[in-house]
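Worksheet: one structure, shown below.
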Amino acid sequence: MRTTALVGAVLWGGSATAAEVSIFCSSAGAELELCQSASEAWAKETGNTVKINKMPANWGEALPLYQQLLAGKSGDIDVLTLDNIWVGALASHLVDLNEKVPKEELSAHFEAALADSTIEGKLLAMPWFVDAGLMFYRKDLLEKYGKAEPKTWAELTETAKSIQEQERAAGTKDMWGYVWQGRAYEGLTCDALEWVASYGGGTFIAPDGTITANNPKAVEALDLARSWIGGISPEGVLNYDEEGSRGVFEAGNSVFHRNWGYVWGTSQAEGSSLLGKVGVMALPVGAEGEKSSGCYGAGLLGVSKYADDTDAAVSLVRYLTNAKEQKRRAMQGYSPTLKALYQDAEILAKNPSLRFAEKAYAESASRPSQVTGASYNRVSQRIFNGVHNVLSGKESAPDALAKVSSDLERLKKRGW
Ligand code: GLC
């Protein structure tokens, strides 16, 4: 045991004596299996043990849980799977990895991914995978009805409606045109930001802190989304998160589906009824000349300052973010943060969504989490509640956006 621990320690750092490291893994898509199997492989290789904890399926519930555990300086949480928008809120509890991870290992990652988790010069989490909202669609159905990939949201609406109607008339009664994330939670902030930004209506709050939420292009974008409910999207979309909407698409009941890259892996997994029938593209734009504006997201791994054995926890993080592991994940649809893997022929053959990744990342739109820091969660709540009110018909888009805007101004006045 001790010899193995030493070999692992040489490769991944960590202590010579065996430690137990507790990690929180996500459970969306293939995440839990991937996170668990890799953590166990690390444990075996290094002679340590690992305890796997499941994050709440809804990522929005994970942040308060982390905050509670970390505020209590709990030793039950050593390594945390993090959303890029949480780094500001958890900053004071996370280890600075600049001091723990060799420079050459860091520089293999996209600079933007490192910058995203760096606050005041401290690298508070290691990049693990990057995400941008993508559009999945039924290639077989578009071909069947002679439709091209839609370039604008208006074209998508039209194509979705036409195929939905024809499929229903042909007997597929449960067919819908488009499923996405309409529940009042973080995922809706992402979807709404994509609609608005791709119309040229900004990102609710500009990077310099200017509040831009209330503008005619944002109204136009939300009005179109509102028109989908009960038309090309089921009423139930108002309660869908990523997994709920994926379930409808993968059951064969929707033509289009907005989600993150992992859906390539799940929909093309062995045994999937959609094998070979799915296409993936950057999101449509609101108007010609605008950017596709997929919401930027990233999965990160952070280490708690209260970890019993910081070096062992860092060792696990380095193992999970290394090239071999990121490649294994890329084969299942998770986009790597290591530049070199975007040239890897084997990955590109298995995961064509990566071909769009560069365009999707280059055109991605970021949520205003850097400028609003620890208050981002509150900011996002104002946004998704306002948007949800529009979608469910409780408020008109101009009224809701005016209210969101004045709420955000109030938060800003208090220093966020
Ligand atoms: C995905 C993204 C994350 C985002 C979340 C919203 O997990 O990676 O950035 O906040 O979805 O539901």
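Each reported figure results from applying straightforward, stated rules to the coordinates on display, with no laboratory input. Since this is a predicted model, take the numbers as computed values, not measurements. Methodologically, a virtual Cβ is constructed for each residue, glycine included, from the backbone with ideal geometry; neighbour enumeration extends over all protein chains shown.
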Open item on the list: Relative contact order for segment 24-123: what percent, with Cα pairs under 8 Å and sequence separation of 6 or more?
Closed with: 24 percent
TODO: Take the chain, connect every pair of alpha-carbon atoms lying under 10 Å apart with a spring to form a Gaussian network, then pick out the residue of Ala312, Ala170, Ala71 with the largest mean-square fluctuation.
DONE: Ala170
TODO: Report the residue, chosen from Gly247, Gly373, Gly289, that carries the largest GNM mean-square fluctuation when the chain is represented by alpha-carbon nodes joined by springs under 10 Å.
DONE: Gly289
Open item on the list: Only four residue types carry charge here, +1 at the Cβ of Lys and Arg and -1 at the Cβ of Asp and Glu. Report the dipole size of the chain about the Cα centre in Debye, rounded to the nearest 20.
Closed with: 200 debye
- [ ] Could you please state, rounded to a whole Å, how far the C-alpha centre of segment 13-54 is from the C-alpha centre of segment 351-416?
- [x] 34 Å
Open item on the list: Suppose only helical runs count, i.e. DSSP H with n ≥ 4. What mean residue ellipticity at 222 nm does that imply for the chain under -39500 (n - 2.57) per run, divided by all residues and rounded to the nearest 500 deg cm²/dmol?
Closed with: -13500 deg cm²/dmol
Task: Relative contact order, percent, the chain [alpha-carbon distance under 8 Å, six or more residues apart] - done: 25 percent
Open item on the list: Would segment 298-345 count as rounded, prolate or oblate if I go by the C-alpha gyration tensor, calling it rounded below 1.5 in a/c and otherwise prolate when a/b exceeds b/c, oblate otherwise?
Closed with: prolate
- [ ] Please state the charge dipole magnitude for segment 359-416, taken about the Cα centre, from unit charges on C-beta atoms (+1 on K and R, -1 on D and E), reported in debye and rounded to the nearest 20.
- [x] 240 debye
- [ ] Just name one of Ala282, Ala330, Asn48: the one whose Cα is farthest towards the positive end of the charge dipole of the chain (beta-carbon charges, Lys/Arg +1, Asp/Glu -1).
- [x] Ala282
Task: About the Cα centre, charge dipole magnitude for segment 129-202 (Lys/Arg +1, Asp/Glu -1 at Cβ), debye - done: 220 debye
Open item on the list: Taking the Cα centroid of segment 249-305 and of segment 195-233, what is the distance between the two, rounded to the nearest whole Å?
Closed with: 20 Å
TODO: Considering the options Gly294, Ser272, Ala357, tell which one lies farthest towards the positive end of the dipole of segment 270-416, charges being +1 on Lys and Arg and -1 on Asp and Glu at the Cβ, about the Cα centre.
DONE: Gly294
Task: Relative contact order for segment 199-341, counting Cα pairs under 8 Å that sit 6 or more residues apart, in percent - done: 18 percent
- [ ] Anything over 26 Å Cα to Cα? Flag those among Lys324/Lys359; Lys359/Lys403; Lys147/Lys173; Lys173/Lys359; Lys44/Lys122; Lys151/Lys403, in the order listed.
- [x] Lys359/Lys403; Lys173/Lys359; Lys44/Lys122; Lys151/Lys403
Open item on the list: Can you find, among Gln381, Ala312, Ala345, the residue sitting farthest towards the positive end of the charge dipole of segment 303-416, where Lys and Arg contribute +1 and Asp and Glu -1 at Cβ?
Closed with: Gln381
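Can you name the helices of the chain, as whole DSSP H runs, whose Cα span along the helix axis is 20 Å or more and whose Kyte-Doolittle mean is not below -0.5? Working shown, then result.
Details: long enough: 31-46 (22 Å, -0.57); 153-169 (24 Å, -1.11); 376-391 (22 Å, -0.31); 397-413 (24 Å, -0.52).
Length and hydropathy pass: 376-391.
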TODO: Pick out which of Gly182, Gly271, Gly252 has the largest mean-square fluctuation in a Gaussian network model of the chain, springs linking Cα atoms closer than 10 Å.
DONE: Gly271
